[in-house]
Amino acid sequence: MSALTQALTLGAGYNAALVTVGAALLGGAAGSVGTFMFLRKRALVSDALAHSTLPGIAIAFMVMVALGGDGRNLPGLLAGSAISAAIGLVAVDLITRHTRLAQDAAIGAVLSVFFGFGVVCLTAIQTMTAGRQAGLETFLLGSTAGMLYSDALLIAASAALCVAGVFILRRPMTIVAFDAGFAETSGISVRAVDFAMTSLVLAVTVVGLKLVGLVLIVALLIIPPVAARFWSERSERVMLLAAAFGAASGYVGAAVSATAPALPTGALIVLTAFGFFAVSILFSPHRGVLAQIVMRRRTSVRVHRRQGLLALAKDEPIYDRMTLAVLLREGLVRPDGVMTEAGEAQAAHASRDEARWRVAAALFEPAALPVRGDPLIPIDGLFTDDQIAVIDAHLAGAKGA
Amino acid sequence: MLKRLAAGVASALNTDYGALQAHEIEGDAALAVRGLTVSYGGAPVVFSVDATFPEGTMSAVIGPNGAGKSTMLKAALGIVPRLSGKVEVFGAPFVDVRQAVAYVPQRASVDWDFPTRARDVVLMGLYRRVGLLGRIGARERAAADAALERVGMSGFAERQIGQLSGGQQQRVFLARALAQDARLLLLDEPFAGVDAATERAIIAVLHDLKAEGRTVVAVHHDLSTVRATFDRVLLLNVRKIAEGPTEEAFTEENLRAAYGGKLGALALPAQDAPAASLH
């Protein structure tokens, strides 16, 4: 346990600390750029992109070995992966634009074909140069074991660049994601912004291959934004929160992985991210599952109370058991169904409110109505005293007629 | 990046140029398309349309479903590529005067669950002026709130857009166009899914804009309100059927030509379209 604490406080050695910081930066970059892919409804493009890196890794390895170099040179492998991912992206784009296939079908086809081809290449490497291929399969699920100082530095620096890129482009990316037509008319080139956004995803994916692995990098691009969406209705905050979730996931996952090298780093990072997601979906104050349940329950009680009071005011019998239970619990009726004093007062108040609401909508333009479609809110606080007087005068007039 | 900044500077310089141009061709077209043809790969959905929208007028683009009304607007603004044809905005290519143009998309095309509030949407109309990296300050927020106020939405600035009614959503987008301070407003079905009171409120704002000398072009569906609302019409069914002042172009004959047999089901208000006006 103390080893874990040590890793979490960056005390497990200089290299491990650098890897942990690098993973945090990578998570931040993935979370923020992923937010815009998510908002643009292109989240799965990153999956096609990630899987398309595999052939590039394998071919880059073979080329470097053939040239007499070290096949495991990280910059070389990443360059190869970037090239084949770009080819995969172009394939998805061409299929979507020039055929009637939807994007999801194009993604599925490209993703599986590229991945399959990559697996074939990996197998070929294993038979060709036995013993030297060790390590390539860590690109599938990620690993921090045996990472060189220069590798960690490369990852940390590139991730920091990606974060900066996302920050600079956040406004045009938001506008394009929200309203591409408006963006185009106001001089923001949708193609250029989409290209920049996809390039950032490509960069994050390639940089993350070593740490998170190509199978799981997509999770780091999607889960933090989806979790962040539960907490805010403002895109900038969703982005910042997604970056924070991603960074924390990368940090914790890499630190744990430093103490347990047998566990794949990518899986640890993604599981941490899932922790944020699980907490968000359950406990976020407005969109969370619990909040929704509580709100539904509250609305239901309010509706039953109101309907019950209105029925009491009109001397109508109440059959609904939930209504009776609510009224009984709040002391508005006695167990034999007769109104209490408090019940009588509230019933009168409810029926007056209801009558006022009915004329309020007719007297004032809907635009001036402060709350849309919630007739259960007491009307007194919503309108000015003058307006209430107008409403009441109208009511009195209607009764007189 | 530099290219974009340079483009921003260039367009800022162009504003004056655009205003000068407009002055020189005063009383001329705010928007003119010639031979506009659009295809989504197959047969043209808009074919060789010539149309002119004079400055300071309020025009309706009408026609049956699939007539290419929305497509024509989008092609004029370069949102969808055009196969052939020429578009001039205030006598200049659109790219040179885009700052003078605001576009309000169809409500159905918007993701209403997008994490953005009414004020944020209006602020999008100001980003061009602020620039890519410029700060959104109190002045911009005040401008956005003023635009919301003008469409009667001042109490809703903090609302997430999905929590607004259809008419309110439409007015937020109208406020964005106001914030852009555009001289030409193109609206794609602004009254779709909007109740009658809100429609009147939106029309009142549009009439105000027209009175200020701005030009409004709206794709419109409800034939019964055309006469009362618009002073010009463009009747479209892939090809142009007719265009001109409402009393001249909005005739039963032209409508029949645009809608074909489908017009039988469309009740034209008799008192609104007296037979005498056809001759």
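Just so it is clear, none of the values below were taken in a lab; they were calculated from the coordinates. Remember, it's a predicted structure, so these values are computed and weren't measured experimentally. Virtual Cβ from ideal backbone geometry, glycine too; neighbours counted across all protein chains shown.
Values as computed for the structure displayed
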read-out	value
Taking all pairs of distinct alpha-carbon atoms in the protein assembly as shown, Kirkwood radius in angstrom	29.2 Å
Electrostatic dipole magnitude of the protein assembly as shown [Cβ: Lys, Arg +1; Asp, Glu -1; Cα centre; debye, to 20]	1500 debye
Distance violations [Cα-Cα > 26 Å] among B:74/B:240; A:41/B:74; A:41/B:86	A:41/B:86
Separation in nanometres of the label points that stand 7 Å from Cα toward Cβ, at residue A:389 and residue A:260	7.2 nm
Per-residue Cβ neighbour rank within 10 angstrom, fewest leading, A:65, B:216, B:45	A:65, B:45, B:216
Low-density loop positions, chymotrypsin sites (Phe, Trp or Tyr not before Pro), region B:75-178 - DSSP coil, at most 14 other Cβ in 10 Å	B:112
Sequence-distant aspartates and glutamates (8 or more away, or on other chains) whose Cα lies within less than 18 Å of residue A:314	A:336, A:341, A:344, A:353, A:354
Taking B:79, A:223 and counting other C-beta atoms within 10 Å, the order from fewest to most	B:79, A:223
Packing-based exposure ordering (other Cβ within 10 Å, fewest first) of A:49, A:74	A:74, A:49
Region A:70-118: trypsin sites (Lys or Arg not before Pro) in DSSP coil with no more than 15 other Cβ atoms inside 10 Å	A:100
Crossing angle, helix A:289-313 versus chain A [Cα axis fit, 0-90 degrees, rounded to tens]	10 degrees
Gyration tensor verdict on region A:290-400 (Cα atoms; rounded if a/c is under 1.5, prolate if a/b is larger than b/c, oblate otherwise)	oblate
Leading residue at positive end of dipole, region A:2-283 (Cβ point charges), from A:215, A:261, A:181	A:181
Distance between modelled label sites at residue A:94 and residue B:222, nm, 7 Å Cα→Cβ extension	5.0 nm
Between 0 and 90°, nearest 10: helix A:385-400 axis offset from chain A longest Cα axis	50 degrees
Label point at residue B:139 placed 7 Å out along Cα→Cβ; residues across region B:171-206 whose backbone nitrogen lies under 16 Å	B:180-181
